[in-house]
Amino acid sequence: MLISLDDAIARLNQGELVALPTETVYGLAGLALQANTVRKIFELKGRPSTNPLIVHVTDFSEAENLAEFNDLSKRVCKIFWPGPITIVLPKKDLIPLEVTAGNQTVALRAPNHPIFREILHRLKQPLAAPSANPSNRTSPTTAGHIAELFGDMAPPTVDGGACIVGLESTVLDLTYDKPTILRPGMITRNDLQLALGEEVLLGPHVIQRMNKAGQTAGDQSPGMSDCHYAPKTPLFLHADTKELLESAQLSRKDLIIVCTAEERNVIEQKDFSCLALSISGSEGEIARNLYSVLIQADKKKRRRLHLVFSHSPKGLNRAVLDRLTKAAVQSNIQI
Ligand code: TXA
Ligand code: MG
């Protein structure tokens with residue numbers, strides 16, 4: 001059900017959940033300071049209670065009441081907020097342990113979407129908002145995706161059009177000695193290092209996840225992966241179109257996904273069904289369309305999805321590959 005901004009504010013004030021657009025993906029929002037409301041978020045998503053939520057604020061002055069800031073974290077906010085970056089800091093007492101999954105740290109973000117910002121501004125309190133998808137499934141980048149992903153259980157949604165970033169925010173942990181990226185996103189390691197003049201690390205599980213892509217067929221059983229962002233149809237990753245076309249894995253019942261319209265034309269000439277992540281192959285366009293194409297591909301109910309991605313994990317492509325390697329049951333990409 002689509003609802004107006006005013007209706008969303010009324011519902012949120014009553015402790016209900018609503019789905020709202022952000023510049024990254026749609027979020028499933030509820031009052032962050034109300035433990036009961038926060039529990040409803042975990043329930044609707046089917047999210048493990050061990051996975052903490054991001055608390056969304058309008059700006060630094062609101063965030064200051066919720067977490068302990070130092071000079072570095074203040075600088076990150078000043079440079080990058082509002083925008084697609086979440087920072088993890090020691091929490092203050094106002095933040096219920098339900099939001100942080102029992103941790104003494106809290107993840108904070110000031111989103112840069114006019115609808116979300118107006119709602120925060122008028123509520124005058126923070127909103128907890130994970131991506132508005134059932135746990136482990138593909139994140140929604142349009143209001144229509146939410147209805148498709150949740151079916152009858154879909155939360156009332158404010159339609160803010162398609163999200164311009166299309167991938168979840170960068171998560172930067174500032175509770176270690178050195179700033180550490182826990183989840184790569186549109187604001188890259190390089191962006192952070194240049195702006196902060198400090199070394200920024202990639203968290204161990206980001207590296208592990210990327211390395212997972214180096215495994216070849218057979219190293220990993222389908223279904224055993226640390227699955228996230230996943231379409232329902234099993235997704236296989238490949239680095240090379242030619243190899244895929246020669247592979248015994250490929251059948252006419254499968255759907256191939258490539259990066260550009262030109263590559264799609266080549267595949268279609270060989271009589272395979274194919275979708276393209278972008279027209280041009282630009283990293284921004286691929287990131288923006290990724291979830292939308294995966295959701296569209298799922299609806300075609302093919303036997304398998306084969307996605308060919310030949311870019312190296314640099315800049316925004318690191319974030320794309322991070323999500324793809326978590327969404328795939330098997331990867332033949334060597335990084
Ligand atoms: O772009 C986004 O970040 C979107 C929009 C809606 O803002 N939200 C989002 O939330 O992606 P979610 O719940 O799908 O992802 C939150 C990520 C998870 O990987 C979670 O483990 C991590 O942030 N996180 C949250 N609190 C944390 C904490 N205290 N310490 C470490 N990681 C945390
Ligand atoms: Mg999520």
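The values are calculated or read from the model by the stated rules, or taken from the named source; none is laboratory data. Just so it is clear, the model here is predicted, and its values are computed rather than measured. Positions of Cβ are generated from backbone atoms using ideal geometry, with glycine treated the same way; all protein chains shown enter the neighbour counts. For accessibility, only protein heavy atoms count, side chains too; no ligands or nucleic acids. Shrake-Rupley method; radii C 1.70, N 1.55, O 1.52, S 1.80 Å.
Residues that are open to solvent by less than 30 Å² (accessible area, probe 1.4 Å) and among the β-branched types (Val, Ile, Thr) within the stretch 76-94 comprise Val76, Ile85, Thr86, Ile87, Val88, listed in sequence order. When every residue of the stretch 103-115 is checked against the conditions, at least one turns out to be in a helix (DSSP H, G or I), in contact with a strand residue (DSSP E or B) (Cβ under 8 Å, 6 or more places away or on another chain) and under 20 Å from Leu5 (Cα atoms).
For the stretch 88-101, residues that are more than 10 Å from ligand 1 (Cβ to nearest atom), farther than 11 Å from Leu53 by Cβ and not acidic (Asp, Glu) total 3. Just one of the listed residues (Ala154, Ala143, Ala147) is more than 21 Å from Leu94 (Cβ to Cβ) and either open to solvent by less than 10 Å² (accessible area, probe 1.4 Å) or touching a Ser or Thr at 6+ places or on another chain (Cβ under 7 Å) (or both), namely Ala143. Would you check if Glu268 is closer than 22 Å to Pro84 by Cα, charged (D, E, K, R) and open to solvent by 50 Å² or more (accessible area, probe 1.4 Å)? Taking the combined requirement at face value, the residue does not satisfy it.
Note on the stretch 95-140: residues that are open to solvent by less than 40 Å² (accessible area, probe 1.4 Å) and among the basic types (Lys, Arg) total 1. Remark: pairs (first residue in the stretch 165-178, closer than 25 Å to Leu28 by Cα and open to solvent by less than 10 Å² (accessible area, probe 1.4 Å); second residue away from ligand 2 (no atom under 16 Å from the Cβ) and assigned to a loop (DSSP other than H, G, I, E, B); Cβ separation under 6 Å; 6+ apart in sequence or on different chains) = Thr170/Ile187; Leu172/Pro179. Quick one: in the stretch 204-231, which of the residues that are part of a loop (DSSP other than H, G, I, E, B) and either open to solvent by less than 40 Å² (accessible area, probe 1.4 Å) or in the same structural domain as Ala297 (by TED's automatic domain parsing) (or both) is modelled with the lowest pLDDT? Here the residue is Gln220. For first residues located in the stretch 66-79 and touching a residue at least 40 places away in the same chain (Cβ under 8 Å), partners that are open to solvent by 30 Å² or more (accessible area, probe 1.4 Å) and assigned to a helix (DSSP H, G or I) and lie 6+ apart or on another chain with Cβ distances below 9 Å form the pairs Arg75/Ala195; Val76/Ala195; Ile79/Ala195. Arg303 satisfies every condition listed in (1) in a helix (DSSP H, G or I); (2) over 22 Å from Pro134 (Cβ atoms) except (1).
From the list Leu167, Leu235, Leu201, Leu255, the lone residue that is at pLDDT 95 or above, within 16 Å of ligand 2 (Cβ to nearest atom) and either aliphatic (A, V, I, L, M) or assigned by TED's automatic domain parsing to the domain that holds Leu316 (or both) is Leu167.
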